[in-house]
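Values in this text are rule-based calculations from the coordinates and carry no lab data. Please read all numbers here as calculations on a predicted model, not as lab measurements. Ideal geometry is used to build each Cβ from the backbone, glycine not excepted, and the neighbour counts take in all protein chains shown.
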Amino acid sequence: MEEVKENLNPFSIEGYLGRKYYFLIGLVIAIVLSAMQFFFCRSVFQTIMENSVAGINTNMISIIRTASIEDLAIWLILISLGCFLSFINNTKRLYDISADRQRSFLIAISVVILTLSMYFIPIKSTAYGMLSLALSAVGFAMLLIPGKFSIKEKEPVENSQDEPSNDVVDASTVVVFWKRIGAYFLDTAIILKIAGVLIGAAGASLWFEIGGYGIIIGAVVYLLYFGLMNSVLCKGQTIGKKLFAVKVVDRNNEYLPVGKSFLRALIFVICVYAVGAFSGAMVTVLPEYHMFDIKNVLPLTILLFLYFVFVLIFLFNKNRQTLHDFSVKSFVVSKENIKKLYPDKTDSTVIIVSVIVALLFSVPILAGSVAAKNIFEKKTVFPDKLAKELNLDVFSYAQYGEKDNKNLGIVIRTKDIDNQELADKVGNYILLMSDKASSSENINVTLKSNYNIGIYKSSKSKYYKIR
């Protein structure tokens, strides 16, 4: 191993300010090249979406072979450029970690080879998933492992003039991680779920009628529960926090006023509750063939982006603060702590990297929706016509099965699932109007009654065989 001396110039590429942007540079490269592939290789993306909709398990090479010559040439150029730039960037970062040029080169070239091998593995296979997980782990390792050249810059801790130093504690030493996660799951998976069951049973008919807007009920419950219980009224503790012996306080170790606690809860609802609730509402009331409409996917993409930013900042910020904590300068600490908190300033790199990673995870959903627009438009013609003429909520409509034994199925969302007359009416309409009826061995109608209030969902269905 080469002798490594601390680089005293923090502004050089091997110094502190240079080193911490290696991973950031890699993410920028990935985003730019992915965007270029989407805009310049549209036929490749469209084929990926077609295979996904059809449930075909194939590899990327098979998909790329079906692309036009122009798209294929552009794709090869972009992939080659991406591999080269990533190799250079990873080699530098790995040398910063190991101080061994040969080892850095071998690991970087191995990452490139493993990445390219994913193009030959079926996308839905276990091997593809395991390899994706392994490469992600390598990426996060390169982000988190300290470099040999790094210079740790420690900011001085300033205390108030009228406070003795023994009344002050570094926030990073008293904030909690696993207990906070445990308290959250206890609150949401048990306490609020019980509340959801009771609220759902009390107004099932009404919740069915309001459809997707039912998630507002859950949002209000979340806001009231976390807003009130994390405030001074309940000493900064929900039921989950009481059991895990943690509390929400400000930097002076004082409980939050009700107003600040509600602001914190509101941001939590938007960043955490909303993405699950909105996607749940889509699955509950939207026709499957309209789920990928831009008007539905765009808000989901935004909410997913906020969720990832929220979670990533929490994971990588040593003070365990994230967006809702920043808004009111709150901390979740051990119940036993009696000292005031003096946190180090949150590293801006944590926020920047979290935003970029969140974009990488969320934007492809919107890009896939745009690429698949024509595919889904073709699938909506008949079910939309049926829904309009019979004044029904069509939940799904699809032909499935083997070539010589195809089934045609439709799911209707209705309050009354014990309705043979409605099932026959829908079945007769399909027999007369659908071009898929003649090629289907069986025609099935399913009547479905469901609702979703965000903190609880219910679904009942009944199957009718028409032919």
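Descriptive notes on the structure:
- Taking label points 7 Å from Cα along the Cα-to-Cβ direction, Ser136 and Asp418 give a separation of 4.6 nm.
- Residues listed by number, segment 449-467, amide nitrogen under 20 Å from Ser438 label point at 7 Å toward C-beta: 467
- Global form of segment 424-465, assessed from the alpha-carbon gyration tensor, a/c cut-off 1.5: prolate
- Residues of segment 327-361 with an amide N closer than 18 Å to a point placed 7 Å from the Cα of Ala245 along the Cα-to-Cβ direction: 332-339.
- When each of Lys241/Lys339; Lys241/Lys340; Lys318/Lys340; Lys388/Lys460; Lys295/Lys465; Lys260/Lys345 is checked by Cα-Cα distance, pairs over 26 Å: Lys295/Lys465
- For a label point 7 Å along the Cα-to-beta-carbon line of Ala398, residues of segment 285-322 with backbone N under 14 Å: 287-292
- Sites Met118 and Thr349 - FRET efficiency at Förster radius 30 Å, r taken between beta-carbons, to 0.05: 0.60
- Once the Cα-Cα distance is subtracted from the 0.36 nm per residue extended length, the Val258 to Thr126 segment shows a gain of 42.7 nm.
- Distance between the pseudo-spin-label points of Ser80 and Lys406 (7 Å out from Cα toward the beta carbon): 4.3 nm.
- Mean Cβ neighbour count within 10 Å, used as a protection proxy, ranking 92-104, 417-429, 193-205 highest first: 92-104, 417-429, 193-205
- Segment 270-340 versus segment 431-456: alpha-carbon centroid distance in Å: 33
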